[in-house]
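A short worksheet on the structure shown next.
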Amino acid sequence: MSVLAQRVRALIIVPIASDQSYLEGERQLGTPVVCVDRPAHHLIADSVVLQNRLGAAEAARSLIEAGHRRIGFVCSPGELYTHQERLMGYRSALL
């Protein structure tokens, strides 16, 4: 039996797909949906996200201030919100 069929009181999800619209029916039935770490796509939902861009920029600046000059960027798949935010922060520190 699926979790949604059991009428859970709320959903806390970490979106990894590019579309969470499949949860719209649950939301319309009154089930609160909260996304953690990334905002939802194609779904109205609250989100709790970290300051990924700022954190990556501060990390890169810290390495630059320590004298490092060849700083790489290794990340999760490029389409994820967290990846895009961290890459922007990394790049801003290198300018």
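Structure above, values below:
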{"item": "Residue match in the range 55-77 (condition: under 14 Å from the mean Cα position of the chain (by Cα), closer than 25 Å to Cys35 by Cβ and either in contact (Cβ under 8 Å) with a residue 40 or more places away in the chain or open to solvent by 80 Å² or more (accessible area, probe 1.4 Å) (or both))", "result": "no"}
{"item": "Sole residue being open to solvent by 40 Å² or more (accessible area, probe 1.4 Å) and closer than 24 Å to Ala5 by Cα, chosen from Gln28, Gln51, Gln20, Gln84", "result": "Gln28"}
{"item": "Cross-chain or 6+ apart pairs with Cβ under 9 Å, the range 78-95 first and in a helix (DSSP H, G or I), then open to solvent by 90 Å² or more (accessible area, probe 1.4 Å) and at pLDDT below 95", "result": "Thr82/Leu50; Glu85/Leu50"}
{"item": "From Gly25, Gly30, residue being in a helix (DSSP H, G or I) and modelled with pLDDT under 95", "result": "Gly25"}
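The values are calculated or read from the model by the stated rules, or taken from the named source; none is laboratory data. The structure presented is a predicted model; accordingly, all values stated were derived computationally and were not measured. As a convention, Cβ positions derive from the backbone with ideal geometry for all residues, glycine included, and neighbour counts pool all protein chains shown. Side chains included, ligands, DNA and RNA excluded: accessible areas come from the protein's heavy atoms. Shrake-Rupley method; radii C 1.70, N 1.55, O 1.52, S 1.80 Å.
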